[in-house]
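Novice: Input: one structure, supplied below.
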Amino acid sequence: MSEKYFEIAVEKLMPDPSQPRKTFIEDEISRLADSIRARGILQPLRVLRDDPRHSYLILTGESRWRAARQAGLTYVPCIVIDGELSKVEKLADRLTENVVRHDLTPMEEAAAMAELKALKGCNSKTLVEEYGFSAASITRMESLLRLPPEVQAMVGTGPGQVPPSAAYEISRLDDQQAQLELAHAVVGKRISRDAVAEHVRNRVGRKNVKPKAAKLPLRHEGISVTVSADQPLTWDDLLSTLDHIRKQAKKLCDEGKDITALARLLRAS
């Protein structure tokens, strides 16, 4: 299988219906269009030939394609992949890029991860080893899929939604009505994320020991890192923070940035 670079007409490109990302926010596309007008497309789209329809199927880069159309471009840079890709290869490629770019909604990411596991017939450990996803993030995503559809529809990162971390805690309740009531309480701002965790702990009886200090020194293979917080650390906070840092580090690494860029990025966030 080979890859070749081409400038391809915008109208010759078409989205793939099997793309795991279904939601595109218009404001984000508009901002990307402004960037493209100013600097062009910095990263080529990856596409597959669709000979029967005399077009190209977008493998990764649908947001860039949408923004390019809005910006008035007639041609866009593309990497054309010659040869056939299996469903597993397509999904893994798209999922990896979308996760790194934070382009998927939490539920889209969870559904895509579950589909990838089903297509490969593998377990979570295989996804961790082959694609670099963290075990904690996979566990959390799988928990979202066990929620009732009404609660799943509330999960998201925007205002008036249930954050994925809170949804994970809600998933630990074994009563669907209790899950729904707690989700509505979060959306209605009648309970905070930390209060959700405490509520669930009290109900299911799981102990969660917090360190006395808000600093946690870590050391692994000669590298030392200290995690600190304004309040006592919990496992949920630690796993969420480490997963965020891993994603940002991988993105900068893939872009060829110096490792010091990670510190600058995290300080700005």
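FYI, it's all coordinate maths here, none of it is from the lab. Source: prediction; values computed, not measured. All Cβ positions, glycine included, derive from the backbone under ideal geometry; neighbour counts span all protein chains shown.
Novice: Can you tell me what share of the DSSP beta bridges in the chain is antiparallel? A percent to the nearest 5 is fine.
Specialist: Expressed as a percentage, antiparallel bridges in the chain total about 75.
Novice: Starting from 0.36 nm per residue, how many nanometres of slack lie between L145 and V128 once their C-alpha separation is accounted for? Don't skip to the answer; put the middle values down first.
Specialist: Details: separation 17, 0.36 × 17 = 6.12 nm, distance 1.89 nm.
That works out to 4.2 nm of additional length.
Novice: Moving on. Quote the FRET efficiency, to the nearest 0.05, computed for A38 versus L119 with a Förster distance R0 of 35 Å and r equal to the Cβ-Cβ distance. Mind showing how you got there, number by number?
Specialist: Values: r = 39 Å, r/R0 = 1.12.
Calculated value: 0.35.
Novice: For a 30 Å ceiling on Cα separation, which of these pairs sit above it: K90/K247; K4/K120; K12/K257?
Specialist: Among K90/K247; K4/K120; K12/K257, the Cα-Cα distance tops 30 Å for K12/K257.
Novice: Considering only DSSP beta bridges where both residues belong to segment 2-85, give the percentage that are antiparallel (nearest 5).
Specialist: Here the antiparallel bridges make up roughly 70 percent for segment 2-85.
Novice: In addition: About the Cα centre of the chain, how large is the charge dipole given +1 on each Lys and Arg Cβ and -1 on each Asp and Glu Cβ? Please answer in debye to the nearest 20.
Specialist: Dipole size: approximately 740 debye.
Novice: At R0 = 25 Å, how high is the FRET efficiency between E84 and C253 if r is their beta carbon distance? Nearest 0.05 is fine. Walk me through the numbers before you get to the answer.
Specialist: Values: r = 29 Å, r/R0 = 1.17.
Computed FRET efficiency for E84 and C253: 0.30.
Novice: Could you check the spin-label model distance between R246 and N202? Points 7 Å from the Cα along Cα→Cβ, value in nm.
Specialist: According to this spin-label approximation, the distance is 3.3 nm.
Novice: Packing-wise, with mean Cβ within 10 Å as the measure, how do 124-130, 67-73, 164-170 rank, highest first?
Specialist: Ranking, from highest mean packing down: 164-170, 67-73, 124-130.
Novice: Tell me the GluC sites (Glu not before Pro) within segment 4-42 that lie in a loop according to DSSP and have at most 12 other beta-carbon atoms within 10 Å. Please list the in-between numbers first.
Specialist: On the way: sites: E7, E11, E26, E28; in loops: none.
Those that pass, being in a loop and sparsely packed, number zero.
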